[in-house]
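Notes for the one structure printed next.
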Amino acid sequence: MENGEKAAETVVVGNYVEMDKEGKASDIKSKLSDMFWHGGSAYDAWFSCASNQVAQVLLTLPYSFSQLGMLSGILFQLFYGILGSWTAYLISILYVEYRTRKEREKVNFRNHVIQWFEVLDGLLGKHWRNVGLAFNCTFLLFGSVIQLIACASNIYYINDNLDKRTWTYIFGACCATTVFIPSFHNYRIWSFLGLLMTTYTAWYLTIASILHGQVQGVKHSGPSKLVLYFTGATNILYTFGGHAVTVEIMHAMWKPQKFKSIYLFATLYVLTLTLPSASAVYWAFGDLLLNHSNAFALLPKNLYRDFAVVLMLIHQFITFGFACTPLYFVWEKLIGMHECRSMCKRAAARLPVVIPIWFLAIIFPFFGPINSTVGSLLVSFTVYIIPALAHIFTFRSSAARENAVEQPPRFLGRWTGAFTINAFIVVWVFIVGFGFGGWASMINFVHQIDTFGLFTKCYQCPPPVMASPPPISHPHFNHTHGL
C-alpha cells in the first residue's frame with residue numbers, strides 16, 4: 001500500500017507544473033515576484049487557511065458569547081473547530097483522489113483550476129455536482145456580502161460623517177479590484193499580512209477589554225433564550241466553516257497532498273485568537289453585546305482602536321477576494337473565459353459577479369445576524385454535510401476503499417472510524433446546525449428586518465443627537481401703542 005501511495009503522490013505532483021517556475025530568469029524582479037506574489041508552499045496554504053478563517057467573524061464572536069454564555073461559547077468553538085478540521089481533511093482526500101484518477105487518464109490541469117463541484121462530478125456524478133455547485137456558490141456569494149457589510153460597519157466607527165450604506169457603495173467599488181488577482185496562488189503576501197492584521201486585532205480586543213474592566217452593573221445572563229442560544233451556536237458553526245475554498249487553496253499548492261493537516265494547524269492558531277478575545281470582551285461588557293454585534297462599538301475610541309479598524313478593513317478586502325475568487329472561476333468557466341491568457345480580459349469578464357454582491361449587501365446590512373443565517377442554511381451543507389456524505393459514498397465499495405489514494409488514520413479506526421465520524425457529523429449538523437440553528441437564525445433575521453427594514457441606511461447606528469432648539473424670543477409689545 002505504501003508503494004501505491006508513493007506512486008499516487010508522484011502522479012499528483014508530476015503533472016502539476018502550472019505553478020512551477022519553469023524557464024524564468026533569476027533576476028531581481030523575478031525573485032521579488034516569487035517572494036511576494038507566487039505562493040504554493042505548505043506555509044502559503046497555512047497562511048491562506050488561517051487568514052481566511054478568522055476574518056470579520058472575530059468581531060461578532062463576543063456577540064455570540066452574549067447569546068450562548070461563556071462556557072457554551074468556549075465549548076462550541078472547540079467542538080466546531082474539530083469538526084471543521086475533519087471535514088477540511090475529507091475535502092483534501094477527495095481532491096487528491098479525483099486528481100489522481102484524472103491524471104492517470106492523462107488529463108492536464110495546466111490552465112484549469114479544479115473546484116469542489118468538479119471533484120463531486122468526477123467522483124459521484126452530475127447530481128452531486130449540481131447540489132455542490134448550488135450550495136458552494138450561494139455560500140461564497142453571501143460570504144462576500146458579509147465582508148462588504150463588515151467593511152461599512154467598521155469604517156463607521158472611525159468616520160460617521162457618512163452612513164453605512166454610503167460606505168457600502170464605496171467599499172463595493174474598492175473590493176471590485178479583486179478581479180485582477182488571478183488565483184489563490186497569488187495571495188502569498190496578502191495572506192501573510194491578513195493574518196498579522198487579525199492577530200493584532202484579536203489581541204487588541206483582549207487587552208483593551210481587560211484594561212477597560214467590567215462596565216458598571218455588568219450582567220452575564222446568557223443563555224437566556226433558545227432562539228439566541230442557537231443563533232450564537234450557528235455563528236460559531238460559520239466561523240469554522242471557512243473551508244469552502246479548500247479545493248482552490250490546494251490547487252494553488254505545488255504539492256497538494258501535503259494539505260491534509262494544514263487546516264487543523266490553522267484552526268489551532270485561530271483558537272488562540274478567538275477564545276481570548278471573545279471571552280475578554282464578553283467578560284467586560286456582558287449583555288450590552290446583545291445589541292452591539294460589532295465588538296468595536298463598545299470599546300473606547302482611541303488610536304489603538306482606530307488602527308485595529310483600519311487593519312480589519314484591509315483584511316476584509318483580502319477575505320472578500322478569498323470568497324469571491326472561486327465565484328470568478330465558476331463564471332469564467334460558464335462563459336468560456338477560464339483558460340484565457342489575458343488577465344485584463346478575464347478581469348473585465350469577472351466584473352458582473354461583483355454587482356449582485358454589492359446589491360445584496362445594501363439590502364441586508366445586518367452585520368452579525370446574517371452570519372448565523374448563512375451558517376445554518378448554507379455552511380451546514382456546504383462544508384459539513386456534503387463532504388461527509390461524499391466521502392462515505394465515494395468509498396462505499398470495498399474496491400474503492402482498497403484502491404484509495406489515501407487511507408484513513410489508523411488511530412481513528414480506519415474506514416469504520418471515518419464513516420462513524422462522518423455519520424455523526426451529518427446527523428449533528430443537520431439537526432442542531434440546520435434544524436435548530438436555521439429556526440433560530442431565521443427568527444432573529446426576520447426580527448432585524450422588522451426592526452430596521454430592508455435597505456436600512458445605517459444598521460445599529462446610534463440615533464442622531466438632536467440640536468437643542470434656539471430659545472424662543474418673545475416680541476416686545478408696546479402696550480401704549482394705539483392708546
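The values are calculated or read from the model by the stated rules, or taken from the named source; none is laboratory data. Bear in mind the structure is a predicted one, so any value in this text is a computation, not a measurement. All Cβ positions, even for glycine, are placed from backbone atoms using ideal geometry, and neighbour counts span all protein chains on display. For accessibility, only protein heavy atoms count, side chains too; no ligands or nucleic acids. Shrake-Rupley method; radii C 1.70, N 1.55, O 1.52, S 1.80 Å.
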Is the shape of the range 316-457 rounded, prolate or oblate, going by the alpha carbon gyration tensor and its root eigenvalues a ≥ b ≥ c, with a/c under 1.5 for rounded and a/b larger than b/c for prolate?
oblate
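Set the Förster distance to 25 Å, then compute FRET efficiency between His447 and Ser221 from the Cβ-Cβ distance, nearest 0.05.
Once rounded, the FRET efficiency stands at 0.85.
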Extreme residue, positive dipole direction of the chain, given options Ile74, Asn108, Leu120 (C-beta unit charges)
Asn108
For the range 229-252, list residues with backbone N below 16 Å from a point placed 7 Å from the Cα of Phe265 toward its Cβ?
250
Can you tell me the orientation of helix 164-175 relative to the chain, as the angle in degrees between its alpha-carbon axis and the longest Cα principal axis, to the nearest 10?
30
By the scheme Lys and Arg +1, Asp and Glu -1, what is the net charge of all other residues having a beta-carbon under 9 Å from that of Met337?
+2
For the range 255-370, size of Cβ-based charge dipole, Lys and Arg +1, Asp and Glu -1, in debye
560
Tilt, helix 2-14 to longest principal axis of the chain (alpha-carbon atoms), in degrees rounded to tens, equals 60
Charge tally for neighbours of Cys324 with beta carbon under 13 Å away, counting Lys, Arg as +1 and Asp, Glu as -1, is -1
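Consider all pairwise Cα distances in the chain and report the whole-number % of them above 42 Å. Each step should come with its number before you reach the end.
Details: 22710 of 116403 pairs.
The share of Cα pairs beyond 42 Å in the chain comes to 20 percent.
Assuming R0 = 30 Å, what is the FRET efficiency of Ala173 and Glu339, from their Cβ-Cβ distance, to the nearest 0.05? Could the numbers behind the result be given before it?
Values: r = 28 Å, r/R0 = 0.95.
Working from the Cβ atoms, E equals 0.60.
For the range 39-452, what is the charge dipole size about the Cα centre, in debye to the nearest 20, if Lys and Arg each add +1 at the Cβ and Asp and Glu each add -1 at the Cβ?
On the way: 27 positive and 16 negative charges, 181 e Å.
So the magnitude is around 860 debye.
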To the nearest 500 deg cm²/dmol, what mean residue ellipticity at 222 nm is calculated for the chain from DSSP H runs of n ≥ 4 alone, each contributing -39,500 (n - 2.57), summed and divided by the residues?
-21000 deg cm²/dmol
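Counting only heavy atoms of the protein chains, get the accessible area per residue of the range 39-452 (1.4 Å probe) and round it to a whole Å² value. Intermediate values should be presented prior to the final figure.
Working: 15280 Å² over 414 residues.
Per-residue accessible area for the range 39-452 comes out at 37 Å².
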Within the range 258-362, report the trypsin sites (Lys or Arg not before Pro) that DSSP leaves as loop and that have at most 11 other Cβ atoms within 10 Å.
Lys301, Arg341
Would you be so kind as to identify which of Met343, Leu237, Ala323 lies farthest towards the positive end of the dipole of the range 199-358, taking Lys and Arg as +1 and Asp and Glu as -1 on Cβ and the Cα centre as origin?
Met343
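If you average the sequence gap of Cα pairs under 8 Å that are 6 or more apart and divide by the length of the chain, what percent do you get for the contact order? Numbers along the way, then the final one.
Values: 686 pairs, mean separation 144.2, N = 483.
In percent, rounded to a whole number, it is 30.
Please identify the longest segment of the chain free of exposed GluC sites (Glu not before Pro), where exposed means a DSSP state other than H, G, I, E or B and no more than 13 other Cβ atoms within 10 Å. Intermediate results must be reported in sequence, preceding the final value.
Details: sites that count: Glu22, Glu105, Glu339.
No qualifying site falls inside 106-338, the longest such stretch.
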Projected label distance in nm at Ala134 and Ile189, using a 7 Å step from Cα toward the beta-carbon
4.2
Distance in nm between Trp428 and Lys301 label points, each 7 Å along Cα→Cβ, equals 4.4
Length gain on complete extension for the stretch Asn159 to Val107, per 0.36 nm per residue less the alpha carbon to alpha carbon distance?
13.4 nm
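Leaving out ligands, DNA and RNA, and with a 1.4 Å probe, what % of the accessible surface on the chain is carbon or sulfur?
Working: 14230 of 21180 Å².
Solvent-exposed carbon and sulfur of the chain make up 67 percent of the total.
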